[in-house]
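Student: Take a look at the following structure, please.
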Ligand SMILES: [Zn+2]
């Protein structure tokens, strides 16, 4: 029996899904009154875009455990506007 030549381990196609993704929740819409985190029960001021109370770290952990799902997403980054585009 011949063994196939050792192949270098290729990164899994979804390897990037396990890369920690930091959520960007800087927008004021994420800050409300304290409420129990839906993921860890401890009170949090933070809300997801869907209004779920969740710590950012908890949401990030949830995202890591559920790759490909979009329950918790980052704020859409405001586009940088060119100041020299103002012709008024
Ligand atoms: Zn939490």
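The values are calculated or read from the model by the stated rules, or taken from the named source; none is laboratory data. No experiment lies behind these values; they were computed from the predicted model shown. Reconstructed Cβ throughout: ideal geometry from the backbone, glycine too, with neighbour counts over all protein chains shown.
Student: When you check residue 38 against the structure, is it touching a helix residue (DSSP H, G or I) at 6+ places or on another chain (Cβ under 9 Å), part of a loop (DSSP other than H, G, I, E, B) and modelled with pLDDT of 95 or more, yes or no?
Tutor: Working: touching a helix residue (DSSP H, G or I) at 6+ places or on another chain (Cβ under 9 Å): yes; part of a loop (DSSP other than H, G, I, E, B): yes; modelled with pLDDT of 95 or more: yes.
When the stated conditions are applied, residue 38 passes them.
Student: Still on this structure, I have one more. What is the residue count in the range 43-72 for residues that are in a loop (DSSP other than H, G, I, E, B), at pLDDT 95 or above and at negative phi?
Tutor: Filtering the range 43-72 for residues in a loop (DSSP other than H, G, I, E, B) gives 48-52, 54-55, 66-72.
Then drop every residue that is not at pLDDT 95 or above, which leaves 48-52, 54-55, 71-72.
Keeping just the survivors that are at negative phi gives 48-50, 52, 54-55, 71-72.
Final tally of qualifying residues: 8.
Student: Return the total of residues in the range 31-45 being surrounded by 12 or more Cβ atoms within 10 Å (Cβ to Cβ) and within 8 Å of the ligand (Cβ to nearest atom).
Tutor: 5
Student: Please count how many residues of the range 46-59 are surrounded by fewer than 16 Cβ atoms within 10 Å (Cβ to Cβ), under 17 Å from residue 22 (Cα atoms) and more than 8 Å from the ligand (Cβ to nearest atom).
Tutor: Within the range 46-59, residues that are surrounded by fewer than 16 Cβ atoms within 10 Å (Cβ to Cβ), under 17 Å from residue 22 (Cα atoms) and more than 8 Å from the ligand (Cβ to nearest atom) number 0.
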